[in-house]
């Protein structure tokens, strides 16, 4: 009887822990015109190709941002890039949405190394530390943009869509 | 005399003309009967600077007769369980379709949970209610009807009540092509009417088209509000959330009302702790007439609102990072506005009052009265 009770409580606790884990861990959702929708945690991102960018934030101080180039995340989701980025695929856009519902879009060629040398970074760290509350856990850093309106903070989702005419 | 088998009747010109006129008359009649099915589209009137980022559902186009029916329903208290509460009870035109109370009282004399919101320019809003839980006017309309503290009468029940009314039978016929009165059609008509409630005639709109020159006070307030002369990022940034010609950007932010909010706002919808105390940014159009302010109507005057942002911003885990950066770092609790700055901003906010919208008879109770009486 005691054994059953012991096993049952272990199961319950593990279940509760697992639930707590998935409920708390922030994820980045990638969907839309993708071959494979993704749900990425900071851990998943740390296992993808990394890059570092130096850029000045609003405080006019230069920081070093670390993370994954946005194009690599799209590549992992199977978005039409590189050789495929031609014809009808050029009518697609990437809509990045933040926790507060703020949205901004990028055209695919702005992100693809076969079109541009500029790197748009999905940052997870600043100066080797995790991004602060209100900015992280995921933020876009795009030094090519002089204004920071597209350096979206607290990113929750990335959606690729065809433009409607 | 025998008639030849190949004899042809000669049709005179006169007979031809008569026949043609008769056919024309017949086809005109059938056209008129047909047009009571396909009602005329309702011409939406809005400035180009509002943009076209809205969706009208394919199964509910906006038609003149649909709007006429929706308007009649909007003002009809028969849609409530005690016959006394209509949509217009909590959404009064002269208050830009809010009601001037902190919370609203429905059929059971108990108060609603949150402050009644203005219905101006909802065509452009995708997340309805303070917590953004509804994504279309069709979806939203049934919720106050269902709510026991509001109208307490689901749309299907209202439809039953209206079925024997000849006035509504005609309105439904005109709007939908036959006399079937259903909850679904009731809601569609209401949504059509609501989509026409467009407010774009304030002094601010005239300023945008170059037809109005603001006073010095108004211009200072406008510049401050819009961040026109901002020399650094740590500035008054009202326009981040309340900018654009529609005076709202559809964002969810915790604007520092409480250290520990009792109303969790958006968190109730997303179950995300990071959304605690976040509410949808409402439009500031007609703000001078939509007191009291905030999701719980805690501020009675615009001055109190300005005082909050200036001196009483409460920090918490989920305080908007945009407010935190500009106003709550270095031990501050707000934007620290001077008296003059507060008065200037209030002068600008008063520019947002659109009296043509507040008095447009097209948006008011039907001329013929409730149920044609």
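None of the figures in this text is laboratory data; all of them are computed from the coordinates on show. As the structure is a computational prediction, the values presented were derived from the model and not from experiment.
The helix-based estimate of mean residue ellipticity at 222 nm for chain B, built from -39,500 (n - 2.57) per DSSP H run of four or more residues and divided by its residue count, is -10500 deg cm²/dmol to the nearest 500. Considering only B:219, B:235, B:15, the mean-square fluctuation computed in a Gaussian network model of chain B, springs between alpha carbons under 10 angstrom, is largest for B:15. Evaluated at q = 0.12 Å⁻¹, the base-10 log of the normalised Debye intensity for segment A:46-118, with identical point scatterers placed on the Cα atoms, takes the values -0.42. Out of B:62, B:105, B:287, any idea which swings most in a Gaussian network model of chain B, alpha carbons joined below 10 Å? Maximum fluctuation in the GNM of chain B, among the listed residues, is at B:105. Calculate how steeply helix B:216-226 sits against the longest principal axis of the alpha-carbon atoms of chain B, using the helix alpha-carbon long axis, and give the answer as 0 to 90 degrees to the nearest 10. Once rounded, one gets 90 degrees. Compute the Cα gyration tensor for segment B:48-199, then decide on rounded, prolate or oblate, letting a ≥ b ≥ c be the square roots of its eigenvalues: rounded whenever a/c is under 1.5, prolate when a/b is larger than b/c in the other cases, and oblate in all that remain. Oblate.
When chain B is treated as a GNM with alpha-carbon contacts under 10 Å, the residue of B:320, B:81, B:329 showing the greatest mean-square fluctuation is B:329.
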